[in-house]
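Remarks on the structure that follows.
The values are calculated or read from the model by the stated rules, or taken from the named source; none is laboratory data. Just so you know, these numbers come straight off a predicted model, no measurement behind them. Note that each Cβ is placed from the backbone with ideal geometry, even for glycine, and that neighbours are counted across all protein chains shown.
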Amino acid sequence: MEHRDRIVYGTRFHVPQNIVRLQEGWQVRYGEWKLFTDPTKDISGARQSLRNAKAALIRRIKSLPAPSGLRKAILSSKKFKNLPVGISGPRKYKRKGRRFSELTFQVTLPQCGGKPKTKAVYICTDYTVTEKRIDAALQKAKDIRNKCEEDFRRAVTEEKRKNI
């Protein structure tokens, strides 16, 4: 678990990620946010509330899925057909030695602990384009992205729990 130092009442505290200091106590920001107020307005109160916040954080990490950091909403209204996050296109390109162009969707695949990868989903050639083919390829791209997101969320949660 990542930590940072924070000075409260002139004393340095080693505070885990997902816990922040507010004026009146420590707040756990994992799942539903919860504030642990200091029982006294001195260093002993801050220590006690931080111990309570750490215990609550560990319980939540063990029981709740980790926040993945993946975007959930469409960011641009200019995308073709309001494509979901992680899918772009269609991209038109021509392979060397071919007389016709091909259309593909690009699917961004998040990787736990690494750079995202990109996968192309074939739609059709520029001579065989139909709405039905575009819809079928888009559904395939969505399925690939959804499966990868599930795997990514699972891996992030396992990694978070492993590092408690």
Residue count for the range 123-160, restricted to those that are loosely packed, with under 14 Cβ neighbours inside 10 Å and either part of a strand (DSSP E or B) or touching a helix residue (DSSP H, G or I) at 6+ places or on another chain (Cβ under 6 Å) (or both): 0
Members of the range 25-69 that are assigned to a loop (DSSP other than H, G, I, E, B) and farther than 22 Å from residue 164 by Cα: 38, 39, 40, 41, 42
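Among the residues of the range 33-58 satisfying the criterion of being surrounded by 13 or more Cβ atoms within 10 Å (Cβ to Cβ) and either of a type in the set (D, E, K, R) or in contact with a helix residue (DSSP H, G or I) (Cβ under 8 Å, 6 or more places away or on another chain) (or both), which is farthest from residue 4 (Cα to Cα)?
From the range 33-58, those surrounded by 13 or more Cβ atoms within 10 Å (Cβ to Cβ) are 34-39, 43, 45-50, 52-54, 56-58; that's our starting set.
So of that shortlist, the ones also either of a type in the set (D, E, K, R) or in contact with a helix residue (DSSP H, G or I) (Cβ under 8 Å, 6 or more places away or on another chain) (or both) come out as 34, 36-39, 47, 54.
Details: 34: 20, 36: 18, 37: 20, 38: 20, 39: 23, 47: 15, 54: 13 Å.
Only one residue fits best here, namely 39.
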Which numbered condition residue 101 misses (of (1) at pLDDT below 95; (2) outside the structural domain of residue 125 (by TED's automatic domain parsing); (3) among the small types (Gly, Ala, Ser)): (2)
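Would you tally the residues in the range 1-45 being more than 27 Å from residue 65 (Cβ to Cβ) and not hydrophobic (A, V, I, L, M, F, W, C)? Show your work before the answer.
Applying the first criterion (more than 27 Å from residue 65 (Cβ to Cβ)) to the range 1-45 yields 5, 7-13, 23-24, 37-45.
Filter once more, keeping what is not hydrophobic (A, V, I, L, M, F, W, C): 5, 9-12, 23-24, 37-42, 44-45.
Adding up the residues that qualify gives 15.
Every residue, every condition in (1) within 30 Å of residue 145 (Cβ to Cβ); (2) outside the structural domain of residue 25 (by TED's automatic domain parsing); (3) touching a strand residue (DSSP E or B) at 6+ places or on another chain (Cβ under 9 Å), yes or no:
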site: 38; (1), (2), (3): no, no, yes
site: 43; (1), (2), (3): no, no, yes
site: 59; (1), (2), (3): no, no, no
site: 68; (1), (2), (3): yes, yes, no
Single residue of the range 32-80 satisfying the filter (among the basic types (Lys, Arg) and at pLDDT below 90) that is farthest from the chain's Cα centre (by Cα): 41
Test: residue in the range 72-83 that is within 24 Å of residue 113 (Cα to Cα), of a type outside the set (A, V, I, L, M) and outside the structural domain of residue 139 (by TED's automatic domain parsing): yes
Qualifying positions in the range 13-24 - touching a strand residue (DSSP E or B) at 6+ places or on another chain (Cβ under 6 Å) and either loosely packed, with under 13 Cβ neighbours inside 10 Å or farther than 22 Å from residue 164 by Cβ (or both): 14, 24
